[in-house]
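The values are calculated or read from the model by the stated rules, or taken from the named source; none is laboratory data. Fair warning: this is a prediction, and the values are worked out from it, not measured in the lab. Cβ sites come from the backbone with ideal geometry, for glycine too, and all protein chains shown count toward neighbours.
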């Protein structure tokens with residue numbers, strides 16, 4: 001039979017992520033349109049048991065990440081702010097990722113002080129949990145900010161990231 005709409009939505013979002021990573025705006029937006037239609041028509045009660053959490057927060061995070069990867073910070077920010085606002089305090093790994101994506105968006109907008117403040121928060125959160133993925137997210141942000149090491153904010157953030165989570 002046909003896949004439940006929630007499964008289709010997640011598949012379309014993953015397709016969109018791939019298109020975003022290679023910079024294919026048109027294909028990404030087309031996949032996001034299909035994902036949105038499927039997500040909005042989905043009945044959460046029909047979620048297969050094997051499927052992980054794929055709720056409004058995860059959906060908004062994935063869409064925001066697509067626009068970040070496409071270097072469309074305004075669109076990315078709209079979705080990421082929505083997602084981060086809904087993160088439960090106990091969802092530390094999601095909060096790390098959300099802050100790193102927001103920080104990367106800030107870098108794209110030339111707001112290095114904002115990027116570093118978000119990076120510090122992400123680093124502090126990552127230092128509290130044993131999550132290799134969270135450390136990788138912080139490492140990615142350090143890489144994004146490394147061309148700006150001549151600024152005090154960036155230098156201080158990178159030093160703190162090295163001290164708290166051991167990123168190189």
Self-check item: Selected residue (criterion: farthest from residue 95 (Cα to Cα)) from residues of the range 44-57 that are touching a helix residue (DSSP H, G or I) at 6+ places or on another chain (Cβ under 8 Å) and in a helix (DSSP H, G or I)
Solution: 46
Quiz item: So which pairs qualify, if the first residue must be in the range 12-33 and surrounded by 17 or more Cβ atoms within 10 Å (Cβ to Cβ), the second must be not in a helix (DSSP H, G or I), the Cβ gap must be under 7 Å, and the two must be at least 6 apart or on different chains?
Solution: 20/70; 28/70
Quiz item: Here is a list of conditions, (1) modelled with pLDDT under 95; (2) outside the structural domain of residue 142 (by TED's automatic domain parsing); (3) surrounded by 13 or more Cβ atoms within 10 Å (Cβ to Cβ), and residue 93 meets all of them except one; can you say which number that is?
Solution: (2)
Practice problem: Determine which member of the set 106, 126 is buried (at least 16 other Cβ atoms within 10 Å of the Cβ) and more than 24 Å from residue 71 (Cβ to Cβ). | Solution: 126
Quiz item: Yes or no: residue 150 without any contact (Cβ under 8 Å) to a residue 60 or more places away in the chain and outside any helix (DSSP H, G or I)?
Solution: yes
Quiz item: Considering the range 73-113 alone, what residues qualify as being assigned to a loop (DSSP other than H, G, I, E, B) and in contact (Cβ under 8 Å) with a residue 12 or more places away in the chain?
Solution: 87, 109
Practice problem: Name, by its number, the condition in (1) at pLDDT below 95; (2) more than 19 Å from residue 19 (Cα to Cα) that does not hold for residue 58. | Solution: (2)
Quiz item: Taking residue 162, is it surrounded by fewer than 17 Cβ atoms within 10 Å (Cβ to Cβ), within 16 Å of the chain's Cα centre (by Cα) and modelled with pLDDT under 95?
Solution: no
